[in-house]
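Worksheet: the structure to be examined is printed underneath.
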Amino acid sequence: MSDHISLVHGDITQQEVDVIVNAANNHLHRGGGVDAAIHKAGGPDILEECKAWVRQHGELPTGKVMMSTSGDLPVKKVIHTAGPIWYGGKSGEELLLTNCYVNSLKLAAEQGFTSIAFPSISTGVFGYPKDKAAKAAIAAVTHFLEQDTTIEKVVFVCFDEENYNIYKQLLPL
Ligand code: APR
């Protein structure tokens, strides 16, 4: 399994994979953090598609995903997901976070993409404890790869040192 999973300490907008995942929000409004970085590097077409999607479908439920153009990014598409806000761990946060990863992988596989990069969803503004989030993310991806044969490469992209060190401890690479 671990030969399909890799860890990078860096910027997700510079990853050369088929699709990158954005830690967005339910309204698909451009926010801060990785959301801002992706919109800044990808250009205005990404936000235009997000706005059009919300006009047609309404809010993106937490844990669900949608796909947009990648604009000027060096990838084919961007998958946007709304991670859970951390309210202490008794509001279904772990399942919702797991859904972000699994639904992103399912959508990428359905579209025939073979490589995908994730940020540490919900661990910034949304306050999800980094160690708990990393465990849930790795478990979700590992379990998905046990049953799927489309996705060949999953990259965890940790922008901050703390997340990187946590993932490094947890991943048997
Ligand atoms: N590449 C990869 N990861 C990044 C980058 C980047 N360029 N910039 C920030 N990150 C990391 C942060 O270090 C953090 O570990 O992304 C992780 C998620 O943090 P946030 O971007 O704050 O996302 P999240 O906690 O899921 O909160 C989402 O914040 O930006 C708004 O619109 C967004 O409302 C949404 C909320």
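The values are calculated or read from the model by the stated rules, or taken from the named source; none is laboratory data. Just so it is clear, the model here is predicted, and its values are computed rather than measured. Please note: Cβ atoms are built from the backbone with ideal geometry, for glycine as well, and neighbour counts cover all protein chains shown. These accessible areas exclude ligands, DNA and RNA; they are computed on the full protein's heavy atoms, side chains included. Shrake-Rupley method; radii C 1.70, N 1.55, O 1.52, S 1.80 Å.
HIS57 contributes an accessible area of around 100 Å² to the protein surface, as traced by a 1.4 Å probe with all chains present. Available extension along the chain between GLU48 and ALA109 is 19.5 nm, counting 0.36 nm per residue and deducting the alpha carbon span. As a ratio to 2.2 N^0.38 Å, the alpha-carbon radius of gyration for the chain is 0.94. Within the range 53-96, the GluC sites (Glu not before Pro) that combine a DSSP coil assignment with at most 12 other C-beta atoms in a 10 angstrom radius are GLU59. Ordered from highest to lowest accessible area with the whole protein assembly present and a 1.4 Å probe, ILE46, ILE166 read as ILE166, ILE46. Between THR149 and LEU171, how high is the FRET efficiency from 1/(1 + (r/R0)^6) when r is the Cβ-Cβ distance and R₀ = 25 Å? Nearest 0.05. In this case the efficiency is close to 0.75. Using a probe of 1.4 Å, the accessible surface attributed to GLU146 totals some 110 Å² when neighbouring protein chains are kept in position. When the chain is treated as a Gaussian network with alpha carbon springs shorter than 10 Å, the biggest mean-square fluctuation among GLN111, GLN147, GLN14 belongs to GLN147. Note on LYS130: lysines with a C-alpha under 26 Å away, same-chain residues under 8 apart excluded, are LYS40, LYS64, LYS90, LYS106, LYS153, LYS168. Taking the accessible area of the chain, probe 1.4 Å, and keeping the other protein chains in place, the carbon and sulfur fraction comes to 50%. Surface analysis of the chain yields an accessible area of 48 Å² per residue, using protein heavy atoms and a 1.4 Å probe. The residues ILE138, ILE121, sorted by heavy-atom accessible surface at 1.4 Å with ligands and nucleic acids left out, run ILE138, ILE121 from largest to smallest. Shown are ASP148, ASP35, ASP45, whose ranking by accessible area with a 1.4 Å probe and every protein chain present, most to least, is ASP45, ASP148, ASP35.
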